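Before any comments, here is the structure.
The values are calculated or read from the model by the stated rules, or taken from the named source; none is laboratory data. Nothing here was measured: the structure is a model prediction, and the numbers come from that model. Every residue, glycine among them, receives a Cβ derived from its backbone with ideal geometry; neighbour counts consider all protein chains shown. To get the accessible areas, we keep the full protein, side chains included, count just its heavy atoms, and leave off ligands, DNA and RNA. Shrake-Rupley method; radii C 1.70, N 1.55, O 1.52, S 1.80 Å.
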Amino acid sequence: MLPSPRVVIEKLWTESDRLGIAAWRTFLVSILGFVAASGGGFLIALVLASNRYVKHTLYPFILIFQMTPIIIMIPMIGIWVGPGLGSIIIVTFVIGFFPVVANTVTGLMSTDKNLLNLFVMGNAKKSQELMQLRIPYAMPYFLTGMKIAGTLAPIGALTGDFLLGSSTSGGLGYMILVYKANTDTPALFTLGLVTCVLGFLFVGSVNLIHYLLLRDWHDSYQTQES
């Protein structure tokens, strides 16, 4: 039997305090895991793109790490780190960092050769080539990876919290277990509603960052505006 929308809204009101705290914890973990995945993925991409030998040596290990099912890695993370926010942030990072690495490496390695030759003719240093050409050229790729990581971050936070959360640090994932144990179906529907809203807000914020960083100079936005 399905609860009526009125029952779901009433449950949202009666559970607002618990759901508000849980949603804030999940949102905080999503942000921290997303920032770690974006920043760490960008740095890893810089290392991989610095030399083709380095890329061919390290990239397969990163690919193997990413292909390992997260459901297998979560218990190991729980054993090594222990339950709580730290382990959930690590789970969120693991789920989200690979799209950032893959897209950023593609952008750094596909810089226009004519522009690279122009920098060589101007006797530009490697640091100048990186900061003034390769990174700006790869920025749309990096931001695309960020958008994917932003979509995965709330999922990672919920998954980690579902398996590693506790009563003292549990978010929306842990509340699934609480409501399931109580066979509270209306509360589960309410939890799904809150999770969807949280996901839309998070992804919308990442899309806004993407727009603000590219709107003034990238060709895609210049073409749209013209």
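Size descriptor for the chain, Kirkwood hydrodynamic radius: 19.5 Å (Cα pairs only, one decimal).
Using the Karplus relation 6.51 cos²θ - 1.76 cosθ + 1.60 with θ = phi - 60°, the per-residue 3J(HN,Hα) values for region 52-62 come to 5, 5, 4, 4, 5, 7, 8, 4, x, 5, 5 Hz, with x marking Gly and Pro.
For a modelled paramagnetic label at Met76, 7 Å from Cα along Cα-to-Cβ, the residues of region 143-162 in reach, with backbone nitrogen under 17 Å, are 160. Estimated at 0.36 nm per residue, the fully extended path between Leu208 and Lys180 surpasses their Cα-Cα distance by 6.5 nm. Counting only lysines at least 8 places from Lys126 when in the same chain, those with an alpha carbon closer than 25 Å to its own are Lys55, Lys113.
For region 93-226, just say rounded, prolate or oblate: build the C-alpha gyration tensor, square-root its eigenvalues into a ≥ b ≥ c, call rounded for a/c under 1.5, and beyond that prolate if a/b exceeds b/c, oblate if not. Don't skip to the answer; put the middle values down first.
Values: a/c = 4.78, a/b = 2.53, b/c = 1.89.
Prolate, since a/c reaches 1.5 and a/b exceeds b/c.
Subtract the Cα-Cα distance of Val7 and Ala124 from 0.36 nm times their separation in residues, and report this length gain in nm to one decimal.
Taking 0.36 nm per residue and subtracting the Cα distance, the gain is 35.5 nm.
3J(HN,Hα) along region 197-205: 4, 4, x, 5, 5, 5, 5, x, 5 Hz, from the Karplus curve 6.51 cos²θ - 1.76 cosθ + 1.60 with θ = phi - 60°, whole Hz, x for Gly and Pro. Only alpha carbons enter this Debye calculation for region 1-96, each as an equal point scatterer, and the log10 of I(q)/I(0) it gives at q = 0.11, 0.13, 0.19, 0.24 Å⁻¹ is -0.52, -0.66, -0.99, -1.17.
Annotation for Ser16 and Leu193: the two label points, set 7 Å from Cα along the Cα-Cβ direction, are 1.2 nm apart.
Converting phi to 3J(HN,Hα) with the Karplus coefficients 6.51, -1.76 and 1.60 and the offset θ = phi - 60°, region 18-23 yields 5, 5, x, 5, 5, 5 Hz in sequence order, with x at every glycine or proline. Rolling a 1.4 Å probe over the protein heavy atoms gives region 6-114 an accessible area of 54 Å² per residue.
Of all the accessible heavy-atom surface of the chain, with the other protein chains kept in place and a 1.4 Å probe, what percent is carbon and sulfur? Write down the numbers at each step before the final one.
Numbers: 8880 of 12810 Å².
Here carbon and sulfur together make up 69 percent of the probe-accessible area.
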